[in-house]
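Student: The structure is given below, and queries will be raised subsequently.
The values are calculated or read from the model by the stated rules, or taken from the named source; none is laboratory data. None of the values given here were measured: they were computed from a predicted structure. Here the Cβ is made from the backbone with ideal geometry for all residues, glycine too, and neighbour counts use every protein chain on show. The protein model used for the area step is the full one, side chains on, heavy atoms only, and it has no ligands, DNA or RNA in it. Shrake-Rupley method; radii C 1.70, N 1.55, O 1.52, S 1.80 Å.
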Amino acid sequence: MSRLTLTTRASAHAQGLTDRPAWKALEAHCATTHDLHLRQMFAEDTLRGERLHAEAAGLYLDYSKQRVTDETLRLLRELADACGLNERIAAMFRGDRINTTEQRAALHVALRAPMDEHILIDDKNVVSDVHAVLDRMAAFCERVRSGAWTGHSGKRIRNVINIGIGGSDLGPVMAYEAMRHYSRRDMTFRFVSNVDSTDFVEAVHDLKPDETLFVICSKTFTTQETLTNAQSARAWCLHTLGDERAVAKHFVAVSTNAAEVIKFGIDADNMFGFWDWVGGRYSMDSVIGLSTMLAIGPENFRAMLAGFHAMDEHFRTASPEQNLPVLMGLLAIWNANFLGAATVAVLPYDQYLKRFPAYLQQLAMESNGKHVSLNGMRVDYETGPIYWGEPGTNGQHSFYQLIHQGTHLIPCDFIGFCETLNPLGGQHDLLMANLFAQSEALAFGKTAAEVKAEGMPTALVSHRTFEGNRPSNTLLAERLTPHTLGALVALYEHSVFVQGVIWDIDSFDQWGVELGKALATRIAGEIADSGDPELRHDGSTNTLIRRYRRLRHHA
Ligand code: F6P
């Protein structure tokens, strides 16, 4: 749908946000500053590059290459005030049921709170529950890692396969890849998510069942993909081990739904529980991170939690001017709603963060991909932008052309580290040189005059000109550690929340995934039907199903 259509259709509905004086002031300000170029902003303020930064929990944010003036930032903070951001932050940390459509708290901050903190839900301190589960996880992981926990035939566990999808996969796989340097190299970790059988078959093709532990991760334990893959895993295991009792040694479940876990055949003793106030996409630091802890050990896992908590505390207490998640959230609003950017490119210059953009896609887009406000009215402004990205430098040789010279405005988040975990000649310096070069080129470009001065033939000047004025953040940390990873993830969690508060949407529900799930269940029944089921979909869907039914056995 074009931007114009969306705006026109929506204008008949709720207009709370866009009616606010702070919003209108930003619109007026945008109209007068829209053509201001970063070249000019840096020329007029020689300290801009040093001034426009904030630092917390080991992360340094340079936002000087965003298309903002001090006035823009002031107006954005005014908007945040008008939207009650401070109170909403306090409500989240208090454990209020801010996920209003599901009547739940969104209390992921409790997952990394130190033991002596008290966060109450229904008069119960959840922090002590969190630590009890953490201790149980740690004890289990130590047993598996030390070889004390053995498989059914007495062999030690060498392979761990996490089966889950969405938040029960993307967080664990991202964290495993990010923390691979700290992981047990004598163990194999794999992640199966897709209901496509290829995912499972390829994951186990070179593994032995008697050395393999499956971690079945599902908050609800009703997710079709996960349960189907778990059944395949069970069959694969029992095919070789030939004894139902093997399940107890080769399967553990992570879920909030004990009844379904037991129904599946996993012993309650082998279940690790968590709570409905942990959203799927906010759960990688809960017991959903069991595979992460198995890989990196309890101590590193706790260091990661400390990183999360350091960013939580910063978010809760720092002034808006210095507050990284608030700044990043408000800059995202500016880019999306005033400069008209529909997407955000996340560009980690670290191979270990190769799954970070995919992880962020669920975090940001399942949270803020909403078109109704908290009161159920259609919004008349754009909400959640599309997140995407690839690690540098690979993206440079793929899609950066469009970011530099295309017609879309694409704000970028560059993420880099001062020290590599794998020093190899001068490669890290080269990697970082590329990061700095890209953000510089995007911001400042190359004028036609500069191109001409290089003696370029006139016909090529426009092709070789870079407009610049493409905004970016740069996040710099010393090195990728468990602590840094925790801080980085918490930074994005909270920045997504800040955006949701401004847009007045429920960032913690995900009703948009339901219709497709229901239809898939119905269609699966129609495909499985051995007779000639009456199909009552639209003409296109009916034709596709019939064609599939006719051809599927001929492949
Ligand atoms: O895709 C919808 C969703 O509910 C996600 O929010 C969630 O992370 C994923 O499915 C998996 O859910 P579960 O952990 O309950 O299997």
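Student: How much accessible surface area, in Å² rounded to 10, belongs to the heavy atoms of Glu102 with a 1.4 Å probe?
Tutor: For Glu102, solvent-accessible area is about 50 Å².
Student: Further, regarding this structure: Take region 455-538, compute every pairwise Cα distance, and split them into 10 Å bins from 0; I just need the percent in each bin.
Tutor: 11, 18, 16, 18, 21, 12, 3, 0
Student: Two-decimal Rg/Rh of region 114-251 from alpha-carbon positions, Kirkwood Rh?
Tutor: 1.01
Student: Quick check: from the Cα gyration tensor, does region 171-304 come out rounded (a/c under 1.5), prolate or oblate?
Tutor: Because a/c hits 1.5 or more and a/b fails to exceed b/c, region 171-304 counts as oblate.
Student: How far apart, in nm, are two points set 7 Å out from the Cα along the Cα-to-Cβ line at Asn194 and at Arg51?
Tutor: With each label point 7 Å from Cα toward Cβ, the separation is 5.0 nm.
Student: Determine the dipole magnitude for region 261-357: charges of +1 sit on the beta-carbon of Lys and Arg, -1 on that of Asp and Glu, nothing else is charged, the reference point is the Cα centre, and the result goes in debye to the nearest 20.
Tutor: Working: 6 positive and 9 negative charges, 61 e Å.
In debye, rounded to 20, region 261-357 gives about 300.
Student: Determine, from the Cβ-Cβ distance of Gln231 and Gln427 and an R0 of 45 Å, the FRET efficiency 1/(1 + (r/R0)^6), rounded to the nearest 0.05.
Tutor: For R0 = 45 Å, the calculated efficiency reads 0.50.
Student: In addition: Rounded to the nearest 10 degrees, what's the angle between the helix 70-82 long axis and the longest principal axis of the chain, both from Cα atoms, 0 to 90?
Tutor: Once rounded, the angle reads 50 degrees.
Student: Given the Cα-Cα distance of Glu450 and Glu78 and 0.36 nm per residue of separation, how much length would full extension add, in nm?
Tutor: Value of the extension gain: 129.9 nm.
Student: Which order do Ser530, Ser373 take when ranked by solvent-accessible area (1.4 Å probe, heavy atoms of all protein chains), largest first?
Tutor: Sorted descending by solvent-accessible area, the residues read Ser530, Ser373.
Student: Moving to a separate point now. Starting at the first residue of region 321-337, write each ³J(HN,Hα) from the Karplus equation 6.51 cos²θ - 1.76 cosθ + 1.60 with θ = phi - 60°, in whole Hz, x for Gly and Pro.
Tutor: For region 321-337, the Karplus-derived couplings read 5, 10, 8, 4, x, 5, 4, 5, x, 5, 5, 5, 5, 4, 5, 6, 8 Hz, x marking Gly and Pro.
Student: If I fit a long axis through the Cα atoms of helix 427-444 and take the longest principal axis of the Cα atoms of the chain, what angle between them do I get, 0 to 90°, rounded to 10?
Tutor: Helix 427-444 and the main axis of the chain meet at about 50 degrees.
Student: Something else about it: Measuring with a 1.4 Å probe in the full set of protein chains, what accessible area per residue, in whole Å², belongs to region 458-555?
Tutor: 52 Å²
Student: With the cut-off at 1.5 for a/c, could you classify region 228-373 from its C-alpha gyration tensor as rounded, prolate or oblate?
Tutor: It is prolate, given that a/c is not under 1.5 and a/b is the larger ratio.
Student: Separate question: Per-residue accessible area for Ser462 at 1.4 Å probe radius, Å² rounded to 10?
Tutor: Ser462 exposes around 90 Å² with every protein chain in place.
Student: If the chain between His181 and Thr222 were fully stretched, how many nm would it gain, using 0.36 nm times the residue separation less the Cα-Cα distance?
Tutor: That pair, His181 and Thr222, stretches by 11.4 nm at full extension.
Student: Dividing the alpha-carbon radius of gyration of the chain by 2.2 N^0.38 Å (N being the number of residues), what value is obtained? Write out the running numbers ahead of the final one.
Tutor: On the way: Rg = 25.2 Å, N = 555, 2.2 N^0.38 = 24.3 Å.
Against the compact-globule rule of thumb, the ratio is 1.04.
Student: Of Asp312, Asp81, which has the most accessible area with a 1.4 Å probe, and how do the rest follow in descending order?
Tutor: The ordering from most to least exposed comes out as Asp81, Asp312.
Student: May I ask you to compute the full-extension gain from Glu202 to Ile545, defined as 0.36 nm times their residue separation minus their alpha-carbon distance, rounded to one decimal in nm?
Tutor: Net length gain for the segment: 120.7 nm.
Student: Counting each DSSP H run of 4 or more residues in the chain as -39500 (n - 2.57), what helix-only mean residue ellipticity at 222 nm follows after dividing by all residues, to the nearest 500 deg cm²/dmol?
Tutor: Result for the chain: -14000 deg cm²/dmol, rounded to the nearest 500.
Student: Can you give the charge dipole size of the chain about its Cα centre, rounded to the nearest 20 debye, using +1 on the beta carbon of Lys and Arg and -1 on the beta carbon of Asp and Glu?
Tutor: 1220 debye
Student: I'd like the accessible area for Val195: 1.4 Å probe, protein heavy atoms, all chains in place, Å² to the nearest 10.
Tutor: The accessible area of Val195 comes to roughly 70 Å².
Student: From the protein chains alone at 1.4 Å, what is the descending order of accessible area for Trp149, Trp388, largest first?
Tutor: The residues order as Trp388, Trp149, largest area first.
Student: Using a 1.4 Å probe on the protein heavy atoms, what percent of the accessible area of the chain belongs to carbon and sulfur?
Tutor: Carbon and sulfur: 53 percent of the exposed surface of the chain.
Student: From the residues Ser472, Leu544, Gly329, which one has its Cα farthest along the dipole of the chain in the positive direction, the dipole being from +1 and -1 charges on Cβ of Lys/Arg and Asp/Glu about the Cα centre?
Tutor: Leu544
Student: Rounded if a/c is under 1.5, else prolate if a/b is larger than b/c, else oblate: which is region 409-555, with a ≥ b ≥ c the root eigenvalues of its Cα gyration tensor?
Tutor: Prolate is the answer for region 409-555, as a/c is 1.5 or above and a/b outweighs b/c.
Student: Let me ask something additional. Near the amide H of Phe189, under 5 Å away, which other amide H atoms are found, from residues 5 or more places off or on another chain, if H is placed in the peptide plane?
Tutor: Val160
Student: What FRET efficiency comes out for the pair Asp35/Glu87, r = Cβ-Cβ distance, R0 = 45 Å, nearest 0.05?
Tutor: Working from the Cβ atoms, E equals 0.80.
Student: Please work out, to two decimal places, the log10 of the ratio I(q)/I(0) at q = 0.13, 0.26, 0.28 Å⁻¹ from a Debye calculation in which every Cα of region 154-229 carries one identical scatterer.
Tutor: -0.38, -1.28, -1.35
Student: Given H placed on each backbone N at 1.01 Å, which residues far from Val254 in sequence or on other chains put an amide H within less than 5 Å of it?
Tutor: For Val254, the qualifying residues are Ile216, Cys217, Ser218, Phe272.
Student: May I ask you to evaluate 6.51 cos²θ - 1.76 cosθ + 1.60, the Karplus curve with θ = phi - 60°, for each residue of region 128-145 and list the ³J(HN,Hα) values in order in whole Hz, giving x for glycine and proline?
Tutor: Whole-Hz 3J(HN,Hα) from phi for region 128-145: 5, 5, 4, 6, 5, 5, 4, 5, 5, 4, 4, 5, 5, 4, 4, 5, 5, 5.
Student: Output ³J(HN,Hα) for region 200-214: one whole-Hz value per residue in order, computed from phi by the Karplus curve 6.51 cos²θ - 1.76 cosθ + 1.60 with θ = phi - 60°, and x for Gly and Pro.
Tutor: 5, 4, 5, 5, 9, 4, 10, 10, 9, x, 6, 10, 10, 10, 9
Student: Moving to a separate point now. With each pseudo-label sitting 7 Å past Cα toward Cβ, what's the Ile527-Asp267 distance in nm, one decimal?
Tutor: Label at Ile527, label at Asp267, 3.6 nm between them.
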